[in-house]
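K.L.:
Dropping a structure here in structure tokens format, bear with me for questions.
No lab work stands behind these numbers, since they all come straight from the coordinates. Small disclaimer: the values here were computed from a predicted structure and weren't measured. Here Cβ is always computed from backbone atoms with ideal geometry, including for glycine, and neighbour counts include all displayed protein chains.
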Amino acid sequence: MKPESEHAAQPAAQTSPAKGTPAERAPRLRVSVGTGTAIGLNQVRADCLPTTAYLMVGERCDRNCGFCPQARESGARADLLSRVTWPAAGDPETVIAAVAGSHEAATSGGEGVKRVCFQVIHDRASLGETLEAVRSTRRRSSVPICVSVFLNDQAVVAQLFEAGADHVTMPIDVVGEELYHRVKGGGFSGALKRVEEAAARWPGKIGTHLIVGLGETEEDMVRLIARLVGQGVTIGLFAFTPVRGTELAAQAPPDLASYRRIQAANWLFGEGLIGPDDLVFADGRLVGFRRPSAVVRSWLAAGEAFRTAGCPDCNRPYYNERPGGVIYNYPRPLTADEAAAAVDVVLAGAPGV
């Protein structure tokens, strides 16, 4: 059995301090199968282990996102998030102690996790459980803590930082008003506003998730990425992954060439090498860079653009792909041949001037 990675679900309960925080109790934790091996709780064969410990809080979301196995009306298995299996963890303190020990090993030059990410399922109890899990983790360890959570209230973001998180990810996932409403429910503009408000209040500490392949155009996705990167928002980029039992199970994953172009733009924005005016679009597709092809190739040659994008040390092995299949997000450094092939795909579809 090989590890399959991790992502942030349709996260998170929220109640502002003014309205009263939900009572804290022992967290209902699930541990992704790859994480279990990385922190020493199980043993599976793996060609690449997660460098972040991915822990899921709660089960079965109050929300109903069409792509998510944890959605309210999903018929998928309860232990799935994307295509990753998340076994129940048992005693949460044992899990948190294992994360702390693994991180200590990593900081001492050995193998271990470099970050922990709590993927929070949106229900009435999950915020209190998450706060307790974050506090417990911080009491035991200096490991960087990310919380991925659906939020409507900035006060809850403050609570998470006060509890010990260093990064809060507020997933937007779906780009565009009509598409967002159809796939996730609610409003895209409101979700975007909440992320931007948080990014202004906590510079460099806010992230979001964006899923490529739900029906948006490359231009819509890339322009949103440029806008958010310009505000210091960390972008976790995902390829849509159909999962049996979800509403969108019959929809195909994105075209790899399209995904590579979006990855390239995301990385080039993040590195400050280009801006949105350096891209050329036609009929919603990225068709060119206003930079010489040789220059773009040199920027992308190492392959970093095609590795997993998200928080530092987040590699999510096989979250969007099956071992031996098409790799959308490389969880490790690319070989020279892999990098060259990825760059060739980008420049074939979006050449420089």
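K.L.:
Give me VAL31, VAL326, VAL287, VAL175 ranked fewest to most by other Cβ atoms within 10 Å of their Cβ, as a rough exposure proxy.
P.N.:
The order, fewest Cβ neighbours first, is VAL326, VAL287, VAL175, VAL31.
K.L.:
Find me the longest stretch of the chain that has none of the exposed trypsin sites (Lys or Arg not before Pro), where exposed means in a DSSP loop (not H, G, I, E or B) with at most 11 other Cβ atoms within 10 Å.
P.N.:
Within the chain, the longest run free of exposed trypsin sites (Lys or Arg not before Pro) spans 46-353.
K.L.:
Turning to a different aspect of this structure: What FRET efficiency comes out for ARG60 versus ALA200 if R0 is 51 angstrom and r is the Cβ-Cβ distance? Round to the nearest 0.05.
P.N.:
After rounding, the FRET efficiency stands at 0.95.
K.L.:
Placing unit charges on C-beta atoms (Lys and Arg positive, Asp and Glu negative, everything else neutral), compute the dipole magnitude of segment 29-349 about its Cα centre in debye, rounded to 20.
P.N.:
So the magnitude is around 260 debye.
K.L.:
Stretched out fully, how many nm does the piece from ALA302 to ALA105 gain, at 0.36 nm a residue minus the Cα gap?
P.N.:
68.1 nm
K.L.:
So if we plug the beta-carbon distance of ASP220 and VAL295 into 1/(1 + (r/R0)^6) with R0 = 22 Å, what FRET efficiency do we get, rounded to 0.05?
P.N.:
Computed FRET efficiency for ASP220 and VAL295 comes out at 0.25.
K.L.:
Arranged by the count of other C-beta atoms within 10 angstrom, fewest first, what order do LEU81, LEU179 take?
P.N.:
With the sparsest Cβ surroundings first, the list reads LEU179, LEU81.
K.L.:
Continuing with the same structure: List the chymotrypsin sites (Phe, Trp or Tyr not before Pro) within segment 271-318 that fall in a DSSP loop (any state other than H, G, I, E or B) and whose Cβ has at most 14 other Cβ atoms within 10 Å.
P.N.:
Sites meeting the loop and neighbour criteria: none at all.
K.L.:
Okay, moving on. Sorted by average packing, counted as other Cβ atoms within 10 angstrom per residue and highest first, what order do 152-159, 102-109 take?
P.N.:
For the peptides 152-159, 102-109, the packing ranking is 152-159, 102-109.
K.L.:
On to the next question. Have a look at ALA226, ALA198, ALA341 and tell me which one the Gaussian network model of the chain (Cα, springs below 10 Å) gives the largest fluctuation.
P.N.:
Highest fluctuation of the listed residues: ALA341.
K.L.:
Kirkwood hydrodynamic radius, segment 134-179, all distinct C-alpha pairs: what's the number in Å?
P.N.:
About 11.9 Å for segment 134-179.
K.L.:
Right, here's the next one. If segment 29-349 were replaced by its equivalent ellipsoid, with semi-axes equal to the square roots of 5 times the Cα gyration tensor eigenvalues, what would those be, largest first, whole Å?
P.N.:
Value: 30, 23, 20 Å, ordered largest first.
K.L.:
Continuing with the same structure: Taking H placed 1.01 Å from N in the peptide plane, check which residues at least 5 places from LEU81 or on another chain put their amide H under 5 Å from its amide H.
P.N.:
For LEU81, the qualifying residues are TRP86.
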